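Asks: Next up is a structure, given as structure tokens.
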Amino acid sequence: MMKKPIGLSLVVILILPMLAPPVAGEWETDSWLSNVIGPERLALGDEFGCHGYEGLDILEDPWTIAACRDYLSDLTEASRWGAAPISFGLKGVQLDEGASTALLDAKFEIVGDGPTGYSDGLTYFESNGGSLELNLANRSLLESPEQHSLISIEWMARMHDLKVREDGGLVSWLEEQEVWFTTWGEWAHHRISGSRVEYSTAGDSITASLESSTTWNVPGTIELHFHEGVMRVVDSNDTDFPLIDSGERHLRVGWREIPDGAVLTMEPGTNLTIELDGEPKSVEVVPLPTFNGLHHSVTVVGHHTTNLFHWSSDFQDSQLRFTWLIERPSAEGVGWLLPVLAASILLAVPFAVRYLVSRDEMTSIAPMSE
């Protein structure tokens, strides 16, 4: 009669661990963000944004939005223009009001590569350039884009632990184009800065000024139209402002002369004086959305970047610039089966021993009773 309750107890002991609630997830840290590769990419002009936590949905777990920001900020600055991350990847997420509020509370400004839904107060960038994966780019758009547009090309180095093959021919072709290689945050704030440049004239000089920024300190570009020749361009310390070559494709401050004026890229918080060879009869200032008067802009967006080494290793010498959407990787566990078996065996052994001892005692008593 004792066998049934003891057997039932053993079954319960074996099943209980499987029915127990799962333990909270453990998370790894991508040390490449702070060591070697991260600083190198930052110095080149790349941007680091966020993509949440691996395997978790920001709609169900909105805490991952601020947590991803903190994780990233502990390891690296977001850009050479600003420390705090401002870009967040959606990749198919339909934002609701709660997630949108969480993004704004975490000081994110840009969302992209997915349907936004509720996105009041956020700037949305479309994933329009296809993928950098072999034969998956939007070549028609890349070959005939609108002027001053931004093309975002997706990149994922790993899918289900399999290495993705990049389109080397496309990369080589892109690097030959006269376009601005930029990032989401840089592109957005460059546009803002350019629209805020103010100017005045006095005699044979034009003064351009750009107030300081409260967020990222990204330069802005303007095109000045006048008929006089430029003698020199100086900053507030009477130091010559650097020249920019017409083929420069990475954002930096400076100026260059054009047939009917000059193109000027200046940093927030600076004042510049353009000295002419005569008093200008008229001056027109036009903000340029695209740096250096280039036709359009391109960025490669690294989605779900859990390992910066894997995602960037094929582009160490590339002219392309990347918006890396960092996702905190989940820890690689050993699976549920082994822990369950170990715990079950550990718990079952004492009961099994007691059962065997009791059975032996009953067996030894039975002949004596006869």
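Asks: Among the residues of segment 173-190 satisfying the criterion of being among the aliphatic types (A, V, I, L, M) and closer than 21 Å to VAL286 by Cα, which is nearest to the chain's Cα centre (by Cα)?
Replies: ALA188
Asks: Here are some residues: ALA84, ALA106. Which one is of a type in the set (A, V, I, L, M), touching a residue at least 24 places away in the same chain (Cβ under 8 Å), surrounded by 15 or more Cβ atoms within 10 Å (Cβ to Cβ) and over 15 Å from TRP216 (Cβ atoms)?
Replies: Only one candidate passes the filter, namely ALA106.
Asks: Go through segment 267-288 and report how many residues are assigned to a loop (DSSP other than H, G, I, E, B), within 18 Å of GLU211 (Cα to Cα) and not small (Gly, Ala, Ser).
Replies: Final tally of qualifying residues: 2.
Asks: Let me ask something additional. Going by what's in this entry, would GLY55 be described as out of contact with any Gly (no Cβ under 6 Å at 6 or more places or on another chain), within 14 Å of GLU327 (Cα to Cα) and modelled with pLDDT under 95?
Replies: Here the answer is yes, as GLY55 does meet what is asked.
Asks: Checking ILE58 against (1) in a helix (DSSP H, G or I); (2) closer than 23 Å to GLU332 by Cα; (3) among the aliphatic types (A, V, I, L, M), only one condition comes out false. Which one?
Replies: (1) is the only condition that ILE58 fails.
Asks: Please tell me if GLU166 is over 24 Å from ASP245 (Cα atoms), in contact with a Phe, Trp or Tyr (Cβ under 8 Å, 6 or more places away or on another chain) and either surrounded by fewer than 20 Cβ atoms within 10 Å (Cβ to Cβ) or touching a residue at least 12 places away in the same chain (Cβ under 8 Å) (or both).
Replies: yes
Asks: Across segment 152-182, what is the total count of residues that are within 15 Å of TRP324 (Cα to Cα) and touching a Leu at 6+ places or on another chain (Cβ under 9 Å)?
Replies: The total comes to 6.
The values are calculated or read from the model by the stated rules, or taken from the named source; none is laboratory data. Just so we're clear, the structure is a prediction, and the values are computed from it rather than from any experiment. As a convention, Cβ positions derive from the backbone with ideal geometry for all residues, glycine included, and neighbour counts pool all protein chains shown.
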